There are 4 protein chains.
Amino acid sequence: MSRDGRNFTSDNVTGVAPAIIEAILAANRGRVPSYGGDPITQRLTALAAAVFETEVTIFPVATGTAANALALATLVPPYGSVIAYDMAHIVTDECGAPEFFSGGAKLLGLPAAHGTIRPEQLGPLFATAAAAGVHAVQPGAISLTQATECGTLYSLTAIAEIAGVAKRHGLRMHMDGARLANAIARLGCSPAEATWKAGIEVLSLGATKNGALAAEAVVFFDRDLARGFAERRKRAGHLFSKQRFVSAQLEAYFTDGLWLANAAHANGLADRLAAGLAALPGVSLTHAVEANEIFAVLPDRMIDGLVADGFGFYRWPAEGGQGIRLVTAFDSDDEDVDAFLATAGRHAEAASPGQGRARKAG
Amino acid sequence: MSRDGRNFTSDNVTGVAPAIIEAILAANRGRVPSYGGDPITQRLTALAAAVFETEVTIFPVATGTAANALALATLVPPYGSVIAYDMAHIVTDECGAPEFFSGGAKLLGLPAAHGTIRPEQLGPLFATAAAAGVHAVQPGAISLTQATECGTLYSLTAIAEIAGVAKRHGLRMHMDGARLANAIARLGCSPAEATWKAGIEVLSLGATKNGALAAEAVVFFDRDLARGFAERRKRAGHLFSKQRFVSAQLEAYFTDGLWLANAAHANGLADRLAAGLAALPGVSLTHAVEANEIFAVLPDRMIDGLVADGFGFYRWPAEGGQGIRLVTAFDSDDEDVDAFLATAGRHAEAASPGQGRARKAG
Amino acid sequence: MSRDGRNFTSDNVTGVAPAIIEAILAANRGRVPSYGGDPITQRLTALAAAVFETEVTIFPVATGTAANALALATLVPPYGSVIAYDMAHIVTDECGAPEFFSGGAKLLGLPAAHGTIRPEQLGPLFATAAAAGVHAVQPGAISLTQATECGTLYSLTAIAEIAGVAKRHGLRMHMDGARLANAIARLGCSPAEATWKAGIEVLSLGATKNGALAAEAVVFFDRDLARGFAERRKRAGHLFSKQRFVSAQLEAYFTDGLWLANAAHANGLADRLAAGLAALPGVSLTHAVEANEIFAVLPDRMIDGLVADGFGFYRWPAEGGQGIRLVTAFDSDDEDVDAFLATAGRHAEAASPGQGRARKAG
Amino acid sequence: MSRDGRNFTSDNVTGVAPAIIEAILAANRGRVPSYGGDPITQRLTALAAAVFETEVTIFPVATGTAANALALATLVPPYGSVIAYDMAHIVTDECGAPEFFSGGAKLLGLPAAHGTIRPEQLGPLFATAAAAGVHAVQPGAISLTQATECGTLYSLTAIAEIAGVAKRHGLRMHMDGARLANAIARLGCSPAEATWKAGIEVLSLGATKNGALAAEAVVFFDRDLARGFAERRKRAGHLFSKQRFVSAQLEAYFTDGLWLANAAHANGLADRLAAGLAALPGVSLTHAVEANEIFAVLPDRMIDGLVADGFGFYRWPAEGGQGIRLVTAFDSDDEDVDAFLATAGRHAEAASPGQGRARKAG
């Protein structure tokens, strides 16, 4: 374990997976048409179709914010709105990118205890908007994050149920799949089942957090919906001249199941970390750990001790105490996790010996 | 010479320069803070300051369109306009990116025989705008492309003269330096002289065409002007989570004069290619060759022959005949150029034996 | 009382006050410079300065949505946000106008039991935004509605307190004064005390609901903040060629205290209506009645009866029963109010005789 | 003739036609539903259908800039462009409103000697855009101004020819009809022939210049194209709460042929003025006078003399001398015109006696 392994801040502090670096190096041979006219980009559509078991239109881009904002701008008019969890990445962490790309559409945030909005929350929104008529922006799309910003998952049934409501009301279904691989690996379903078979029409698929250098993709399962996307991407400066290097990352990502293997690895370590933490006195998990993120409340002294010992993580608002977030990644290892747990355990004892003994006795 | 060397379409069909690939690989070690909190990005400001001999604020981005559009949106309000050559990249090749990023500012295109607008063209624009008052958008910035879209250069004096007019009228000076390295290498001036010393306040600096994978930079010489840029970049999806990989490219680009060496190499080959072409019967150069682009009118049969023999280039509108554009790059070599010239020469003879002989006899 | 007097739907179902119609007719003489170059518009600045006891820049526009959205777009950048009551008109009733005009700024809605946000709600917003840095839009302005959307008022102290917080954090203070006249009339303060003396920097002043045909004004107390407003107004199609007719309405509105007299009249009738309603069995007022709007919960049968008898009003979501909103206006009269109360009383008895008797006995 | 009659600056310096003022007063009775729910607005659709002899969707707005920009934003996506005469009002006089409302679409200006673009100018634009693919905005609509900004007219055949090209290339046809009444009155055709029968799909119809206080209308002949317009209008602050007062103006405008009578009157005076001017020595008309605008080159002394004697008009750029523009209106009269001509004649003699004599002798 290197010193770096103590950094559980995010899965975006990682480097690039070996197979993806290899793909970049392999792409760096000779001259090819620019702006996506290259063979790798050309191949990518067929590969994505095979992965998702259906015809798709796929657009590689370099950041998740670009993927989300371009996708949403394609789905809703400037006078429309996007319904999402009120702490969704698109709502709180993209500096207004969806508003910018869409020309000022609104994000309607819904509260959710563990990151998953529920179909019964939608009805009142529709009723209010319908009553307001032209005075209010009208809902145009629903965006679900899978895995959620709380490290939890939507069940396929839950997605399908929301998609059903969306369809009845003429809304489009978008998925922010920044960590979709983690969700699929956990659910044990196929990529098709995780997305279009559950009613998702447009997917922002993440790769950067899961081993790529800078690669995401917008995947349209309903290809008619892609109208205007290519123009919007170019206009936003997100069509690369040396596009092959983005496409090559995605090709490697999909090849031999790398994406799912990387995600399963990270998930496994998150389970191990969560289990170890939960066993410590004074620690409670804020949300179920269903992907590669752990949200937990720890005793103050434990947090301070971990920081002092060089571990990295974000403080995270939590009810009932000092919350933190820990993220495992494709390149995390058992040693990293064990070191964290050992240190946390040591500070747990230091902090609350009596409580610790009581638990052991219990 | 590989088959690829026959591709003179653009300098963006190239791969990545070895030193830049090395820098990417070197950056791929361990975990570092994301979104530009990494050591490489931190170092870049000092390096840029050294290169430009002044304090700067530098923002790495991945595409030239992003660099230009973000820079211009920072300089002009939505109700302003940007003056540029009417065939400038920002006017014709960015699918309206400046309009999008600025919230609908206008581009005012000025005609220019060889890509360089002249100070005396500005007065009438200012007069018209002033007379129109609130009814017309007011000029807010001038954008000069160096080297120009015609492969020519602004002299430092010409830039300073335009900048003087701009200053007197309260306009900001932007440079689209997608091929600035080629200009500096040709002018034999310092980066400082090429930019802020001539009155440029904000620079879009290209690296992708000249050896990077995907790296450009927006450089603010007047750091107060950078206000809001960081937010606009994030909001546009152009702040990378693994930002170190963009910064690493720029670091290598500036190190040991790589950028200028690459550019000088491409310029030299352009000279050689231009000289060879100009000597062929029926060929005329459309513009002076002052960077790495050659615009020429060729006999139809010569063009057809070159295409048939596998050479790649763009047809380009030209007065008085069939125009083409040829671009040399950091990875072009003598063999590529000689092969092109030999083939062109062969088709020249085939196309016009009498003309050819006449020339020899002349 | 005409049949029309039964319409308590809103103060915007009214016609035009006689003095304002006279002003329009008077303005319709001869030819004058267009686009605000006319004498009436020229006079308006001095008149507004007198009314507000300070130098101002005033821009007449024709709708409240235009006034609010243009003002806010001038105050916050596209990557900023505006803090407001989460049921504020700008948030729920302008179809995304502030987002459109600002280029995609966000509205951050705060809950408020009776329409008035409180200073202590601001701190957490600032803390979250500061922690998020470039990832979140940064608060740029606070917009208070006076009178509020609940028909209540901010005290001058409450405004000043919020303005103090805003100032410390570098935010601008905007007031949506669609019903400011009603507030001033009730508070018994001067227009200056109601606005800039309490810390308001930019005011959207309503006149349409209070007697104008179509006239509002954006008033800048800090005239430097007006930069760009004239251009934004023109660009939005809100500079009228025959601008004199908008200005004439405002001139009449300010003259001889018409605006405050109209508002006081409407307030008085609202008091009378509220008092009468509150005395009926089964009726409860949702909010204090401090301007010209009454929000109340009524027995279902009473509501049905009023509707059947030709009275007009909006149903309004309310906790604990069937809510309605009633609005009085400059042209309402005692007869209208008494007719409403008599009818409501009749249905009260019909609906709940026992309850009615019980009350009388109590 | 009043002093005001000397003001030939524009037809927007006028007041309101008596029948339209009457209509406003008549509308000012009682309470009616706001935001267009009133009976007058409801009647307007049927009236417009009768006027244009086809089903239409009509949206009243208050300014021509709003009408044009809202219409164009409905027709082209942000990544599209609008083709127009390069001195069209939408290009030069609306402070970028079309760009603002459309989210940054481009205006592609075509030169035209007398304000009328020609179908053969379109082909090269389409070819260039098609070749550029995603790198350039794609033409989405053509906007023709009728009568043109040069006071000339498109023949119905010319419109149909351009509309034919537009249809073949999938572009929408917009007409800026700020002075459409003048065109119809001159052409002697029906409103239907002037618009949809010639291929116009969406019309911005002016009334303000021709007798209204502030009223224009956007008329969709293809009603499917109106999708989103109502939302865009509200969002732009152009839906009036007391909408009846805008609708009432349009109702009066269409009633008993007021619009065409007013326009015919102005046209007739323009003819008389043009004929008188053309007969003076040293005067030449810049464009044919086909509506109510006269563009002429006058001797400097004549211009100075007219100004000194209190006549108002704009200086206008013209080849070959000092250009001016004169506009007649619905409320101009013979006396105004005769006074202008007499004064001009007096200054013609003063300015160039020799020249004058020579002409007479010739």
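Any read-out appearing in this document is the output of simple, stated calculations on the displayed coordinates, not a laboratory observation. All of these numbers come straight from a predicted model, not from anything done at the bench. When we count neighbours, we look across all protein chains shown, and the Cβ atoms used for this are built from the backbone with ideal geometry, even at glycine.
Here are the numbers for the structure shown:
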| item | result |
| --- | --- |
| Cα Rg, Dmax, the range B:18-257, angstrom units | 17.5, 60 |
| Kirkwood-based shape ratio for the protein assembly as shown, expressed as Rg/Rh from alpha carbons | 1.00 |
| HN-Hα J in Hz across the range C:32-40 - Karplus 6.51, -1.76, 1.60, θ = phi - 60°, x for Gly and Pro | 9, x, 8, 6, x, x, 7, x, 5 |
| Distances in nm from D:G37 to the matching label points in the other copies, shortest first (labels 7 Å along Cα to Cβ) | 4.2, 5.2, 5.8 |
| Amide H contacts of D:V61 (H built 1.01 Å from N, under 5 Å, at least 5 apart or other chain) | D:E216, D:A217, D:V218 |
| Cα centroid of the range B:313-352 to Cα centroid of the range D:12-32, whole Å | 71 |
| Footprinting exposure proxy for A:I200, D:I21 (fewest neighbouring C-beta atoms within 10 Å first) | D:I21, A:I200 |
| With at most 15 other Cβ atoms within 10 Å, longest stretch of chain C clear of loop GluC sites (Glu not before Pro) (DSSP) | C:56-318 |
| Spacing of the two label points (7 Å from each Cα toward its C-beta) at B:A19 and C:S284, in nm | 7.8 |
| Note, ³J(HN,Hα) from phi for the range D:118-127, Karplus 6.51, -1.76, 1.60, rounded to Hz, x at Gly and Pro | 10, x, 6, 7, 7, x, x, 4, 5, 5 |
| Sorted by Cβ density within 10 Å, fewest first, the residues A:F221, A:F126, C:F101 | A:F126, A:F221, C:F101 |
| Relative contact order %, the range D:1-160, counting alpha carbon pairs below 8 Å whose residues are six or more apart | 19 |
| D from A by rotation - nearest chain A beta carbon to the axis, in Å | A:G103, 2 |
| The range D:108-151 and the range B:235-299: distance between their alpha carbon centers, rounded to Å | 34 |
| Using alpha-carbon coordinates, inclination of helix D:244-254 to the longest axis of chain D, degrees | 60 |
| Number of partner chain Cβ atoms within 10 Å, mean per residue of D:134-141 | 5 |
| Chain D: relative contact order as a whole-number percent, Cα under 8 Å and 6+ apart | 23 |
| Interchain or long-range residues, amide H under 5 Å from B:I83's placed H | B:L108, B:G140, B:A141, B:I142, B:S143 |
| Inter-chain Cβ neighbour average for residues D:106-117, partner chain, 10 Å | 1 |
| Simple spin-label estimate for B:E120 and A:A308 in nanometres, 7 Å along Cα-Cβ | 7.7 |
| Inter-copy separations for B:S155, label at 7 Å along Cα-Cβ, nm, ascending | 5.3, 7.4, 7.8 |
| Rough spin-label spacing in nm, given labels placed 7 Å along Cα→Cβ, for B:W316 and B:T128 | 2.7 |
| Crossing angle, helix C:334-351 versus chain C [Cα axis fit, 0-90 degrees, rounded to tens] | 50 |
| Between the range D:33-95 and the range C:55-81, the alpha-carbon center distance in angstrom | 24 |
| Whole-Hz couplings from phi, Karplus 6.51/-1.76/1.60, listed for the range B:138-148; x for Gly and Pro | 9, x, x, 7, 10, 10, 10, 9, 9, 4, 6 |
| Placed amide H near C:H287: partners under 5 Å, 5+ positions off or other chain | C:F295 |
| Nearest 10 degrees, 0 to 90: helix C:64-75 Cα axis against chain C principal axis | 40 |
| Per-copy distances of the D:D224 label point, shortest first, in nm (7 angstrom along Cα→Cβ) | 1.2, 5.5, 5.5 |
| Assigned charges on the beta-carbon of Lys, Arg, Asp, Glu; chain C dipole about Cα centre (debye) | 600 |
| Under 14 Å, Cβ to Cβ, from B:A147 - net charge with Lys/Arg +1 and Asp/Glu -1 | -2 |
| Ranking of B:D336, C:D271 by count of other Cβ atoms within 10 Å, fewest first | C:D271, B:D336 |
